[in-house]
């Protein structure tokens, strides 16, 4: 039986678990200035969409004219068509469930969840399923005192959303099992203390396996058939900080911070994470490697090499391309080349965190944003094997639904405005889907 936890207690646990102190993170307000930066530089991934150069203002731009102009050609009945139904012959359509605490997550906003349920058939918890929210430092230390070396997990941050999915027939992408960012530093140290020495490789592998086993077991036993795939490892390929002896360019650092998985285990932490995930995952649940800037040639090469090796061992089912793509970058040909290269492996391909932000919230910029979303979706349809392309694209996930969904959220990369009205991007995406729909 799963434990019931008070919301306030869960919040305290999340903070103590390392999403605050000693986690490998960057302050929440920091925004990246180019697509070469990754989600590794955000503590709150409900605002991680900002990493696509969406350094927005806090101005609340009225886009009524844009929306009306875009919507005029469509009848009310056509506007009521769900996006997920339009693309159902090609791929599932996902949306991010944003939030950095139980209190501010979008699960608490009925309008957000109803709109998500209408247009999407997959969700991703953008933040609260990461290890710093689940690992319990004090309980782990108590385990040691009682002769149990395994880390302790608390599932209060994920249970409400998993329950909503279960009750509403919604599928979920599990995000993420092993990531160097938002991993509490104490998890890698002796006696689960903040200032202890790093544990040895054998100990860290045991902790990794225990964490993966406990999390997968909980999700699969309490919410069977909800999570259909997992991002097993996130962002492990980094040409800039690569281990020179790693054939897949294994990341050794996160900016100036260390990669604690690499420091304690070495480059084979990636393969071992997939080994443990495959050992405990339920039949039919797919395992993915997920990364950003996958269109850059050195990363494309590293990811291909890594996933080729994992596939040979039967450990991987797909590649996640995050999709922090801007208005002026990257060249579409670079994305096309990366998709084509990955498709040679015969693995599923998913766009897992699609976000196109704007620098200024003006009518003109939102129209450019809409044109870019249209361009990207046209490319995905073109490349999809169900449309004669080379790639088995099985999911496209928008990493959020509504701009400025709460006070302090400055993200503007989403397809609905803060009043839950469709932005021009919504209609452009819908148009591409209607053009490609095999049946309506």
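Derivation of every value follows stated rules applied to the coordinates shown; laboratory data play no part. Everything numeric here is computed off the predicted structure, so don't read it as measured data. Every residue, glycine as well, gets a Cβ built from its backbone with ideal geometry; the counts of neighbours run over all protein chains shown.
Each Cα pair under 8 Å and six or more residues apart adds its separation to the average, and for region 188-258 the resulting relative contact order is 14 percent. Protection proxy ranking of 344-350, 199-205, 132-138, by the mean of other Cβ atoms within 10 Å over each peptide's residues and highest first, is 132-138, 344-350, 199-205.
Treating the Cα atoms of region 92-158 as identical point scatterers in vacuum, please give the log10 of the normalised Debye intensity I(q)/I(0) at q = 0.16, 0.25 Å⁻¹, two decimals. Log10 I(q)/I(0), no solvent term: -0.62, -1.02.
With a simple spin-label model that places each label point 7 Å from the Cα along the Cα-to-Cβ direction, the separation between residue 313 and residue 328 comes to 4.2 nm. Here the average projected area of the convex hull drawn through the C-alpha atoms of region 344-430 stands at 6.3 nm².
Listed highest first by mean packing, meaning other Cβ atoms within 10 Å per residue, what order do 241-247, 287-293, 144-150, 259-265 come in? Walk me through the intermediate numbers first.
Numbers: 241-247: 14.4, 287-293: 26.0, 144-150: 11.0, 259-265: 22.1.
My ranking of the peptides, most packed first, is 287-293, 259-265, 241-247, 144-150.
Relative to one another, the C-alpha centroids of region 120-147 and region 289-309 are positioned 28 Å apart. Of the three principal axes defined by the Cα atoms of region 293-440, the extents in descending order read 48, 37, 25 Å.
Relative to the current alpha-carbon distance between residue 103 and residue 268, full extension at 0.36 nm per residue lengthens the span by 55.7 nm.
Taken along the Cα-to-beta-carbon direction at a fixed 7 Å, the label points for residue 194 and residue 85 span 5.3 nm. Modelled spin-label separation between residue 344 and residue 437, with each label point placed 7 Å from Cα along the Cα-to-Cβ direction: 3.7 nm.
Compute the relative contact order of region 93-179 as a whole-number percentage, counting only Cα pairs closer than 8 Å that sit 6 or more residues apart in sequence. Present the calculation step by step, with values, prior to reporting the outcome.
Working: 111 pairs, mean separation 27.9, N = 87.
That works out to 32 percent.
Enclosing the Cα atoms of region 171-317 in their convex hull gives a volume equal to 115 cubic angstrom per residue.
Stretching residue 305 away from residue 206 to a fully extended chain increases their span by 33.0 nm, per 0.36 nm per residue minus the current alpha-carbon distance. Sorting 90, 342 by the number of Cβ atoms found within 10 Å of their own Cβ, with the fewest placed first, yields 90, 342.
Find, to one decimal place in angstroms, the Kirkwood hydrodynamic radius of region 259-310, where the mean of 1/r is taken over every pair of different Cα atoms and then inverted. Intermediate values should be presented prior to the final figure.
Details: mean 1/r = 0.0802 Å⁻¹.
The answer is 12.5 Å.
The slack in the chain from residue 359 to residue 420, taken as 0.36 nm per residue of separation less the alpha-carbon distance, amounts to 19.9 nm.
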